[in-house]
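Everything below concerns the one structure shown next.
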Amino acid sequence: MSTPLTARIVEEHANAFRALPLAGAAATRRRTALAALTASGLPTSRDENWKYANLRPLERLRFIPAPAAQPLAATDLPAAIPGFARYVFVDGAFAPALSAALHSTAAAVTPLAAAPDGDRAPAAMPAQTPAPHAPADERFALLNEAFATDGAAIRVAAHHDEPVRLELVFVASADALTGASYPRVELHLDSQAQLLLIERHMSAGAQASFVNSAVTVDLGRGATLHHYRLQELAARATVFDTLIATVARDACYRLYGISIGAQSARSTLAVRLAGERADLTLAVVALGDRQQVQDIFARVEHAAPGARTEQIFRGISAGRARVAFNGKIVVGSEAHGTDSRQSLRGLLAGPEAEIDVRPQLEIYTDEVRCSHGATVGKLDESMLFYLLSRGLEPEVAQRLLKWVFLEDVVAKIGVAELRRQIEERLAQQVPEPAARAEST
Amino acid sequence: MTASPTPLLAINDLHVSVEGKQILNGLTLQVRVGEVHAIMGPNGSGKSTLAHVLAGRPGYEITAGTVSYEGCDLLALAPEERARQGVFLGFQYPVEIPGVNNVYLLKAAVNAVRKQRGLPEVDAFEFLGLVREKMKLMHIEDSFLSRGVNEGFSGGEKKRNEVLQMLVLEPRLAILDETDSGLDIDALKVVAGGVNSLRSPERACVLVTHYQRLLEYVVPDIVHVLVRGRIARRGDRTLALELERRGYDWVTEEAA
C-alpha cells in the first residue's frame, strides 16, 4: 500500500536518519519496521477497531523525532513517589539530570540509546517485535520502532525481598510541527520476578505535541507486574499508544490505565496469556471533555488453559467528547478452563457527549466461564434520589456518584501516593466533594 | 375546629398517577406533632407511592390535591429541601452506594440540615460520639462507619441503618416505608426501640406497613387503612389488631 501518508513517513524517515546511521541489529529492526509499515500503511477509520480513533491529526503532523528539548526543571515534574526510582524522558530522550536511578541488584534499566544491542532486553526479540504483516492494531508500534531513538530497556530478575519499584516519566514538550516524541519501553521480567511500574505520559507546557509510544512487556513464569499507566498530556496533544504483552505460566499482570489528557488519544492494549494459569487484570478509566477523543482497544488472547482475565472499564464523557472502549477477549482452542469477566461501563455527562463500550468475545473451546456486562447510561437514579433524600445538594450528589463510578478502578491502585496524585488529577475534571473518603 | 395547632402535615384530596395509572385517588390525611400514624393497606393500595411522593421522588405525577408541611407547600420543594426542612424517608429498599462511606453520608446529611438552620458544621469529634451512641442503640458494629453506604449489608442491617440515619438526623416528620418488612423478631425490636426513642411532642412519625407486628412495639395513635388510593377506614390501634385477625378483604369490600 502506498498512500501519500506512508510516502511522507518514508521520506521523513530518510531525512531523519541520513545523518544518524545506526549499525547492526538496531538498524535492521528499524528498516524492517519501516518496510512493514510501507507495505501495510497506518490504520484508517475503515479498519476494524479503528472507527472511533481520531486519525485526522496524522495528516498535519511531522514524524521525525523532535529536536533536543529545552532542559526542564525537576519542579516541572509530579512529586516523587516514595520508594520509586524515577527515569525521565523528554520528547523520547533520556534526561539523566531529572532522574533518580534505581539501586537494585535485581533490576537494570538501560536507556536504549546507550544500550549496546547485546544488552537490550529480550523484549525486543523478534517474537515481540510486530511482524512484517502486523495486524492493523499494532502498526503504530512499527512507527515507533522505525523512529524511536531512545527509551527504556528494563530487565528484572527473580529476588526474594520487596518488588522493584520504578517510575518512568515521559514528557512531551515539542510541537507536532517540529517533530514527534517516541516513548519506548522494552520490559522483561524473569521467572518469579516482581515489579511495580508507574508509566506516565505528560506535557511540559501546552504544546500540541504528537506522541507515539510503544511498550512491550514480557512476563516470565510466575512473575508479577503491577503496571500503572497515567496519560495526562496537554489539552492539544495527540497520542497513539501501543502496548503488547505476553504473560507466561502462573504469571500475574495487573494493568491499570488512567487516560485523561490530550485532544486525541488512542490506546491499543494487546495481551497474550501464553501460559497456563496466567492471570490478568486490565482496568481502565477514561475521561473525555470538551472535544476530546479517548479511544481504547484492548485485546486479550487466552492461548493456554486455566488462565484468568478481569477486564474493567469506566468512562465518563462530557462536553462534546467521544469516549470509546472496545474490549475483545479471544479464547483459543487450547484455552479450556478459561475464566474471563468483563465489566464495561460508560457514563454520559452531557447531551452532546458520546460514549461507546463494546464487549466482544470469541470462544474456540468448551468448558470456559466468560461473563460480560456493558452498560452506558446516566447516573443511577435510585442512588441519586437516596442522596438527595438525605439533604445533599444535587451537584454534590452527582459528583459523589461520578467518583463512586470511577472508584471501581481507582480504588485498586495500590500505591498510596500515586492514587492521591491520580485522584487529584481526576478531581480537576470531576470535582471531588470535600472529605468524600474521610475515614473515621 | 379543635384547639390543636396547625397540623405538621396536611394532605388534602391528593391524586397521583404513575405512567398514566392512577395510584392515589383523593387521599386526605392530617398528622399533628407528637403523633404516630400507621398507614396500613393491602399490596398495591398506594402506601409506598404516598411515602415516595412525600419525599419528592421523581416519576410521580400529582394530578390534583395539596400537601402542606409546617404550613408550606411541600410539593413545591425539591427532595433535598424537604430533607433539610426535617422530612425523613426511611426506604423500603435502601440503596447500596459503594465508595461513599456511611460516616460521610451521615455527616453530609447532618450538615445540610445545619446549614439550612444557619448553624456551623458539626464538630467532627462530637459528631462521632453521637453517632456511636446511636449505633449502640441500633446494635450496629463500629466497623460500619467506614464501610460503603449499605454495601453488602443484609436486609436487616439496611433497615437498622435507615433508623440510625433517622436518629442522627432527628427529623420533625419521619416516614418509614415498610421498615419492618423482612426483619426477624429481634431486629424488629431493635428497630422499634429506635423509633420509640425519637417519639416526642415536637415530632411526628408515619409508619407505612403491611402487618401490625411492628405496631405491637411502636404503638400508633391513629391507624389508617389505605384501599385503592384513599383512606377507607381509620381508627385506633385496635383497628390494626382487627386487620391482623380478619385480613384486608372486609375493608376492601366495604370500600367498594
How many residues are assigned to a loop (DSSP other than H, G, I, E, B) and more than 9 Å from chain A (Cβ to nearest Cβ) when one looks only at the range B:54-69? 1
Can you tell me which residue is least open to solvent (accessible area, probe 1.4 Å) among those in the range A:59-83 that are of a type in the set (A, V, I, L, M), in contact with a helix residue (DSSP H, G or I) (Cβ under 8 Å, 6 or more places away or on another chain) and touching a residue at least 60 places away in the same chain (Cβ under 8 Å)? A:Ile81
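Each row is one residue, and each column tells you yes or no for (1) out of contact with any strand residue (DSSP E or B) (no Cβ under 8 Å at 6 or more places or on another chain); (2) surrounded by fewer than 19 Cβ atoms within 10 Å (Cβ to Cβ); (3) more than 11 Å from chain B (Cβ to nearest Cβ).
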| position | (1), (2), (3) |
| --- | --- |
| A:Val376 | no, yes, yes |
| A:Leu384 | yes, no, no |
| A:Leu387 | no, no, no |
| A:Arg390 | yes, no, no |
| A:Glu395 | yes, yes, no |
| A:Leu400 | no, no, no |
| A:Val404 | no, no, no |
| A:Val410 | no, no, no |
| A:Gly414 | no, yes, yes |
Please verify whether the range B:30-51 includes one or more residues that are in contact with a helix residue (DSSP H, G or I) (Cβ under 7 Å, 6 or more places away or on another chain) and open to solvent by 60 Å² or more (accessible area, probe 1.4 Å). no
Looking across the range B:70-82 at residues that are open to solvent by 10 Å² or more (accessible area, probe 1.4 Å) and touching a residue at least 60 places away in the same chain (Cβ under 8 Å), the single one that is nearest to the other protein chains (Cβ to nearest Cβ) is B:Glu70
Would you mind telling me which numbered condition in (1) surrounded by fewer than 23 Cβ atoms within 10 Å (Cβ to Cβ); (2) under 25 Å from A:Phe94 (Cβ atoms) A:Ala248 fails? (2)
Can you find a residue that is farther than 14 Å from A:Ala172 by Cα, surrounded by 24 or more Cβ atoms within 10 Å (Cβ to Cβ) and touching a residue at least 24 places away in the same chain (Cβ under 8 Å) anywhere in the range A:233-242? yes
Residue count, the range B:89-105, condition open to solvent by less than 10 Å² (accessible area, probe 1.4 Å) and more than 8 Å from chain A (Cβ to nearest Cβ), comes to 2
Filter result for B:Ala174 (under 19 Å from the mean Cα position of the chain (by Cα) and not in a helix (DSSP H, G or I)): yes
A:Ile413 fails exactly one of the following numbered conditions: (1) touching a residue at least 12 places away in the same chain (Cβ under 8 Å); (2) assigned to a helix (DSSP H, G or I). What is the number of that condition? (2)
From the list A:Ala270, A:Ala262, pick out the single residue that is out of contact with any Gly (no Cβ under 6 Å at 6 or more places or on another chain), in contact (Cβ under 8 Å) with a residue 12 or more places away in the chain and assigned to a strand (DSSP E or B). A:Ala270
For the range B:156-167, which positions are touching a helix residue (DSSP H, G or I) at 6+ places or on another chain (Cβ under 9 Å) and more than 10 Å from chain A (Cβ to nearest Cβ)? B:Gly156, B:Glu157, B:Lys159, B:Arg160, B:Asn161, B:Glu162, B:Val163, B:Leu164, B:Met166, B:Leu167
Within the range B:1-29, how many residues turn out to be surrounded by fewer than 21 Cβ atoms within 10 Å (Cβ to Cβ) and within 18 Å of the chain's Cα centre (by Cα)? 3
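The values are calculated or read from the model by the stated rules, or taken from the named source; none is laboratory data. All values reported here derive from a predicted model rather than from experimental measurement. Counting neighbours? That spans all protein chains shown, and the Cβs are built from the backbone with ideal geometry, glycine included. Only protein heavy atoms, including side chains, enter the accessible area calculation; ligands, DNA and RNA are left aside. Shrake-Rupley method; radii C 1.70, N 1.55, O 1.52, S 1.80 Å.
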